[in-house]
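Take a look at the structure below.
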Amino acid sequence: MEHNYPIKRIVDNKGFLVDTSFEKQIDEQLVKNLYYHMLRVRTFDRKAINLQRQGRLGTYAPFEGQEAAQVGSALALNADDWVFPTYRDHGATITFGKSMARTFLYWNGRVEGCVAPTDRNIFPPAVPIATQLPHAAGAAWAEKRRGTQNVAIAYFGDGATSEGDFHEGLNFASVFKVPVVFFNQNNGYAISVPIEKQMNSATIAQKSVAYSMPGYRIDGNDCFAVYFETKKAFDYARCGYGPTLIEAVTWRKGAHTTADDPSKYRPEKQGENFVDPLIRLELFMKNYGYWNDEWIQATKEETTSEVEAAVEEMEKFPPPNVADVFDHVYAEMPAQLAEQKEAYLAHLGRQ
Ligand SMILES: Cc1ncc(C[n+]2csc(CCOP(=O)(O)OP(=O)(O)O)c2C)c(N)n1
Ligand SMILES: [Mg+2]
């Protein structure tokens, strides 16, 4: 079955165009935009790990290695579209317009970290695996009923395809022919479980056949393949043709979360074939005359200071109100909970 879904690639590991039909569509603006956003979110991601190690952030799920998949797809969206991310998709949500400071707050357990800017439709990250797929199908159905051209994208991992919600989401979307793109990032692992131990299909893309929707398997570390294929799927959805399933084959370079140690379950040499998506874009830029030392240096400085400013903003945020934990559970607080709240506040008062 794998041969039915060959991996689509526009730029190879050495940064050379292998599909020249895209040559005219790749211009300086697109190249710079992709590089800028990939560097920006990588800087965010690395900073988040450092903050966690310093005790300034809670447990964090890094996405290094998956920047092309996340940035390429997010840049293909329109401002009024819908994004349904997981806990690992901050590269996509920040690119689409979510604030970095709010994203840091999320990882400090703050509900304020789930709030999207008023001009962007971004759901809070789904931690329960695959629950966001039916939500995305539902949002797309609403847009269809309203007669707009807006689409939804659901991000999810390889492990999520084993959940009932994956199938329910795809089935619903297919039956109602709604404008949604199911964007899978196949990073080969669901925490410590390798893909071959949790599914018996050769590819994730082929699962589209069961729901009569187009399925594409793309090189998720090739930002151009991601950008153009996702854009094509969005256009298809906007024209009223319905959903698409995209499998972006990628690699999580780091740990599942900062609480995980992948050396315990991943063979040392595995992942060697994946060329870092930023390095691949750098090679492309050098090969085709887009590289400009001054611009790169300025972009590095700009993204670093933006991330530093976001850390400052996150740390200046007023401390949480502990009473919130009790106050937002019931419309009318039961006596037992009121008692617990009082006892806890009294306990804090005594500290
Ligand atoms: C319903 C549910 N079951 C189990 C978990 C525990 N869990 C957290 S992340 C994860 C692995 C998910 O793997 P994948 O979908 O491939 O996404 P990745 O973490 O690789 O991005 C699991 C099983 C969960 N969060 N939700
Ligand atoms: Mg995975």
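The values are calculated or read from the model by the stated rules, or taken from the named source; none is laboratory data. Note that this is a predicted model, so its numbers are computed, not measured. Glycine gets a Cβ as well: all are built from the backbone with ideal geometry, and neighbour counts include every protein chain shown. Surface areas here come from the heavy atoms of the whole protein model, side chains and all, with no ligands, DNA or RNA. Shrake-Rupley method; radii C 1.70, N 1.55, O 1.52, S 1.80 Å.
Brief remarks follow.
- Taken over region 78-96, the residue count meeting the criterion of being closer than 20 Å to P134 by Cβ and either outside any helix (DSSP H, G or I) or touching a Cys at 6+ places or on another chain (Cβ under 8 Å) (or both) is 9.
- Some residue of region 84-96 being among the charged types (D, E, K, R) and closer than 17 Å to H37 by Cα: yes
- Complete set of residues in region 215-251 that are open to solvent by less than 30 Å² (accessible area, probe 1.4 Å), in a loop (DSSP other than H, G, I, E, B) and either in contact with a helix residue (DSSP H, G or I) (Cβ under 8 Å, 6 or more places away or on another chain) or among the hydroxyl-bearing types (S, T, Y) (or both): G220, N221, D222, G242, P243, T250
- For the condition outside any helix (DSSP H, G or I) and either open to solvent by less than 20 Å² (accessible area, probe 1.4 Å) or touching a Pro at 6+ places or on another chain (Cβ under 6 Å) (or both), G65 qualifies.
- In region 168-193, the residues that are assigned to a helix (DSSP H, G or I) form Cβ pairs under 6 Å with partners that are of a type in the set (A, V, I, L, M) and surrounded by fewer than 24 Cβ atoms within 10 Å (Cβ to Cβ), at six or more places apart or across chains, as follows: S174/M213.
- Subset of region 128-160 (residues that are more than 16 Å from ligand 2 (Cβ to nearest atom), in a helix (DSSP H, G or I) and aliphatic (A, V, I, L, M)): A136, A137, A139, A140, A142
Conditions tested, residue by residue: (1) more than 15 Å from ligand 2 (Cβ to nearest atom); (2) within 14 Å of the chain's Cα centre (by Cα); (3) at positive phi.
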{"site": "G113", "(1), (2), (3)": "yes, no, no"}
{"site": "A116", "(1), (2), (3)": "yes, no, no"}
{"site": "F123", "(1), (2), (3)": "yes, yes, no"}
{"site": "A126", "(1), (2), (3)": "no, yes, no"}
{"site": "S162", "(1), (2), (3)": "no, no, no"}
{"site": "V180", "(1), (2), (3)": "yes, no, no"}
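- So N273, is it at pLDDT 95 or above, closer than 30 Å to Q29 by Cα and away from ligand 1 (no atom under 16 Å from the Cβ): no
- Residue satisfying all of: in region 118-136; under 21 Å from G72 (Cα atoms) and open to solvent by less than 40 Å² (accessible area, probe 1.4 Å); farthest from ligand 1 (Cβ to nearest atom) among these: I122
- Residue within region 20-27 that is more than 26 Å from G113 (Cα to Cα), open to solvent by 20 Å² or more (accessible area, probe 1.4 Å) and either modelled with pLDDT of 95 or more or within 16 Å of ligand 2 (Cβ to nearest atom) (or both) present: yes
- Among the candidates R42, R46, the residue that is part of a helix (DSSP H, G or I) and free of Cβ contacts under 8 Å to residues at least 40 places away in the same chain is uniquely R46.
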